[in-house]
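See below for the structure under consideration.
The values are calculated or read from the model by the stated rules, or taken from the named source; none is laboratory data. All values reported here derive from a predicted model rather than from experimental measurement. Please note: Cβ atoms are built from the backbone with ideal geometry, for glycine as well, and neighbour counts cover all protein chains shown.
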Amino acid sequence: MRLSPLTRISLRTVALGYLFLLLVLPLGIIFWRTFENGVGSFIDWISTPAAISAFNLSMTIVAIVVPVNVVFGVIVAIALVRGRFPGRGLLQGLVDLPFAVSPVVVGVSLILLWGAGGWFGGIEDHGLKVIFNLPGMVLATIFVTLPYVVREVEPVLHEIGDDQEQAAATLGASGWQTFWRITLPAIRWGLTYGVVLTVARSLGEFGAVIMVSSALPGKSQTLTLLVNARYNDHNTFGAYAAATLLMGLAIIVLLFMTLLERKRDSAK
């Protein structure tokens, strides 16, 4: 369908205006309020013990969640693409479940499973506390980020087919040799993109994490929880500073995603 120049300009104006009102303007206001008292004030508020602890905890969760989702995501993607087994359609639906379920519901379900009086609550008697502790926050984040690696690797596996893998097997390569030398190099861009999405989602998760966290400063408070706590305490400047730190991390992830897109397109 051919559009007139006026129509194209009108559509672009509407799209840009929509993005400006919903994204650029709110982020710009936060950025302006953060630095209205100077860079020194921003540095002071992101270098408090609570902010440093929240940053370290967020990075710790990312460091645990990403490897778990990489291993699980690659295995599930290969099973869905290469395998034919009963329940395959059910597994496809379960992978997309985190997209459909509210993160708050995820947090509540984890409490019912791992909390005191839950199905697996007795594990606390053996010295492992899950809910209102790091393991619960990790479980919640793993659940909400579960689909990203699977859904990025799966179409790549469909695209490359299994001809090279079958040829390697015919030549006597073992399953591990085939995976490391054929499959993994072929899916590297999709896998890396899935990792970047997982990192971004892990850093920004709030609903599921707040349900399974005590949100105590210095103990179980991530950056998103720190922003919420400071805002509820009417410390708006401190909340803006923490939010800007999160925004900076998000921009870094976004730039990395853009570079990956260009490299992936040039590699095709």
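Assorted remarks:
- Answer residue from region 217-232, given it is polar (S, T, N, Q) and at pLDDT 90 or above and is surrounded by the fewest Cβ atoms within 10 Å (Cβ to Cβ) among those: N232
- Pick from region 133-161, criterion of a type in the set (D, E, K, R) and crowded, with 17+ Cβ neighbours inside 10 Å, ranking: nearest to Y193 (Cα to Cα): E152
- Of the residues A79, A50, A54, A15, the single one that is surrounded by 13 or more Cβ atoms within 10 Å (Cβ to Cβ) and farther than 30 Å from S220 by Cα is A79.
- Within region 215-233, if we keep just the residues that are free of Cβ contacts under 8 Å to residues at least 24 places away in the same chain and not in a helix (DSSP H, G or I), the residue that is farthest from P103 (Cα to Cα) turns out to be D233.
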